[in-house]
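The values are calculated or read from the model by the stated rules, or taken from the named source; none is laboratory data. The structure presented is a predicted model; accordingly, all values stated were derived computationally and were not measured. A quick note on method: Cβ atoms are made from the backbone with ideal geometry, for glycine too, and the neighbour counts reach across all protein chains shown. Each accessible area value is taken on the protein alone, full model and side chains, heavy atoms only, with ligands, DNA and RNA left out. Shrake-Rupley method; radii C 1.70, N 1.55, O 1.52, S 1.80 Å.
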2 protein chains.
Amino acid sequence: MSKYKEILDHVARYVELSDSEIAAFTSILKTTRVKKRQFIIQPGFVSEYRNYIVKGAVRVFYLDDAGKEHTVSIGIEDWFFTDFHSYLNRTPAEYYAEALEDSVIIQMKYDDVEELCGRIHALCQYFRLYIEKALSYSNQRVITNISKTSEERYWEYVTKYPQIANRVPQYVLASYLGISPESISRIRSRS
Amino acid sequence: MSKYKEILDHVARYVELSDSEIAAFTSILKTTRVKKRQFIIQPGFVSEYRNYIVKGAVRVFYLDDAGKEHTVSIGIEDWFFTDFHSYLNRTPAEYYAEALEDSVIIQMKYDDVEELCGRIHALCQYFRLYIEKALSYSNQRVITNISKTSEERYWEYVTKYPQIANRVPQYVLASYLGISPESISRIRSRS
DNA sequence: TTTACACCTTGATCTAAGTCAAGCGTTTTT
DNA sequence: AAAAACGCTTGACTTAGATCAAGGTGTAAA
């Protein structure tokens, strides 16, 4: 039983890899353990890795000039995260990634991923298909943000992702939805 | 000179295709001409194609229950558009795509794209790399929407995409930025 | 050439949601 | 076990931006 079972299962949902391809893929993986409140990405440093969450919860957020946090993504088991812009362009990150719980993540370097995607067709397909889904989801979020009220966004999220909503602090959810923590509290109370 | 010069140039910015690969790719392409105000995608119908804009301008928008329009994307020459969710899942579209000018677009069917991506590694790479960029951009937009004021979003857009801002009606820009047309007008006047 | 529609502007008003501030349980830390 | 920090709530107040409504201008159509 590979120590990379979880991520290999994830890949298998999209494509089938041969044994040698699995070996090539796992050879670029690295497991990292992080403690609650530890940063995995920090502004100023290049986000070199694509990170897959095996266990735990991680949020990516942006700290604006006024010192306010805006959550880019909240991930739990079986999610990828990174500062995509930094990762793709090898420029300093603008976001933080912070462990919301003690977590186990699998990391893979940009260069290694690109090299493998150039060499292994199935792996390229895997990333393509996965990213296409992520894009469709991101587009959805944009529209929800500009077309729904705070209250609608809150209840939609809680309904769609109860397992995340119940697991992360409310102020994180608030900053993900673009609502103040006080407003979230009021929305909950008037129901 | 191929009649698909523009899109082949676009591909060439990411990967190199052999002559036979170019032939295979162009064989799945179809050129369509649309008049200003014509719909390319409509709710209820599956968005079967990935559409590349050769000439013209197209916007994708969502019409909410209250009858208000929310623009998902504004594209001009050299951009792709589709209702990604509908396209990927072959479910009825939720969005409209409307030509803002008389336009020429190149269309490719989902099944054809998937078949080619399964067969031609370089093409799979091309779509993967392009979509990764699009995702990074979409993430950016989410953060801008939740962290900046209407006024900041407006000026940022105008500065970043003057050629689009000057080409499309202001109410389209407004619905893209999540601002009312009246507010856009006021933002412009107080500068 | 006048009718009409599309798009933009300006003014008056309204309201959802943000801000500021205080208080209160619950975890952490020491 | 006390102190400190964290996360959530509630109240009073403020405000950015929406809504409603009317009028103006240019372009296209009849």
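Kindly evaluate B:Ile146 against the criterion of being within 15 Å of DNA strand D (Cβ to nearest atom) and part of a helix (DSSP H, G or I).
Taking the combined requirement at face value, the residue satisfies it.
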Could you go through region B:126-139 and let me know if any residue there is acidic (Asp, Glu) and within 12 Å of DNA strand D (Cβ to nearest atom). no
Among (1) in a strand (DSSP E or B); (2) at the interface with another protein chain (Cβ under 9 Å from one of its Cβ atoms), there is one condition A:His85 misses while meeting the rest; what is its number? (1)
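Being open to solvent by less than 20 Å² (accessible area, probe 1.4 Å) and free of Cβ contacts under 8 Å to residues at least 24 places away in the same chain, is that true of even one residue in region A:101-110?
Narrowing region A:101-110 to residues open to solvent by less than 20 Å² (accessible area, probe 1.4 Å): A:103, A:105-108.
Next cut, free of Cβ contacts under 8 Å to residues at least 24 places away in the same chain only: none.
No; the residues of region A:101-110 include none that is open to solvent by less than 20 Å² (accessible area, probe 1.4 Å) and free of Cβ contacts under 8 Å to residues at least 24 places away in the same chain.
Filter region A:67-82 down to residues that are aliphatic (A, V, I, L, M) and more than 9 Å from chain B (Cβ to nearest Cβ) and give me whichever is nearest to A:Tyr157 (Cα to Cα).
A:Ile74
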May I ask you to list the residues in region A:69-82 that are in a strand (DSSP E or B) and open to solvent by 10 Å² or more (accessible area, probe 1.4 Å)? A:Glu69, A:His70, A:Val72, A:Ser73, A:Phe80, A:Phe81
Taking region A:18-68 as the region of interest, how many residues are of a type in the set (A, V, I, L, M) and open to solvent by less than 50 Å² (accessible area, probe 1.4 Å)? 11
Can you tell me which residue in region B:44-65 is modelled with the lowest pLDDT, limited to those that are out of contact with any Ser or Thr (no Cβ under 9 Å at 6 or more places or on another chain) and within 25 Å of B:Asn145 (Cα to Cα)? B:Asp65
Per the filter on region B:119-157, residues more than 7 Å from chain A (Cβ to nearest Cβ) and either touching a residue at least 60 places away in the same chain (Cβ under 8 Å) or in contact with a strand residue (DSSP E or B) (Cβ under 8 Å, 6 or more places away or on another chain) (or both) are B:Arg119, B:Ile120, B:Ala122, B:Leu123, B:Tyr126, B:Leu129, B:Tyr130
Just to check your reading of the model, which residue among B:Tyr154, B:Tyr126 is more than 16 Å from B:Trp79 (Cβ to Cβ), surrounded by 19 or more Cβ atoms within 10 Å (Cβ to Cβ), modelled with pLDDT of 95 or more and aromatic (Phe, Trp, Tyr)? B:Tyr154
Look through region B:8-43, keep the residues that are within 27 Å of A:Asn145 (Cβ to Cβ) and assigned to a strand (DSSP E or B), and return whichever of them is nearest to the other protein chains (Cβ to nearest Cβ). B:Ile41
Scan B:Lys55, B:Lys35 and give me the residue that is in contact (Cβ under 8 Å) with a residue 24 or more places away in the chain and touching a helix residue (DSSP H, G or I) at 6+ places or on another chain (Cβ under 9 Å). B:Lys55
Free of Cβ contacts under 8 Å to residues at least 60 places away in the same chain and within 11 Å of DNA strand D (Cβ to nearest atom), is that true of B:Glu114? no
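Return the residues of region A:152-167 that are of a type outside the set (A, V, I, L, M, F, W, C) and more than 11 Å from DNA strand C (Cβ to nearest atom); say none if nothing qualifies. Please lay out each step first, then the result.
Here is the first cut: in region A:152-167, the residues of a type outside the set (A, V, I, L, M, F, W, C) are A:152-154, A:156-157, A:159-163, A:166-167.
Those that are of a type outside the set (A, V, I, L, M, F, W, C) and more than 11 Å from DNA strand C (Cβ to nearest atom): A:Glu156, A:Tyr157, A:Thr159, A:Lys160, A:Tyr161, A:Pro162, A:Gln163, A:Asn166, A:Arg167.
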Which numbered condition A:Lys133 misses (of (1) more than 12 Å from DNA strand C (Cβ to nearest atom); (2) open to solvent by less than 40 Å² (accessible area, probe 1.4 Å)): (2)
Would you confirm, using the coordinates I've provided, whether B:Arg33 is under 23 Å from B:Val168 (Cα atoms), of a type in the set (Lys, Arg) and touching a Ser or Thr at 6+ places or on another chain (Cβ under 8 Å)? yes
Please find, within region A:168-191, the residue that is farthest from DNA strand C (Cβ to nearest atom) out of those that are in contact with a strand residue (DSSP E or B) (Cβ under 9 Å, 6 or more places away or on another chain) and not in a helix (DSSP H, G or I). A:Val168
With respect to B:Thr149, is the statement that it is surrounded by fewer than 16 Cβ atoms within 10 Å (Cβ to Cβ), out of contact with any Asp or Glu (no Cβ under 9 Å at 6 or more places or on another chain), under 27 Å from A:Tyr87 (Cα atoms) and polar (S, T, N, Q) true? no
Residues in region A:105-118 that are more than 9 Å from chain B (Cβ to nearest Cβ), of a type outside the set (Asp, Glu) and part of a helix (DSSP H, G or I): how many? 3
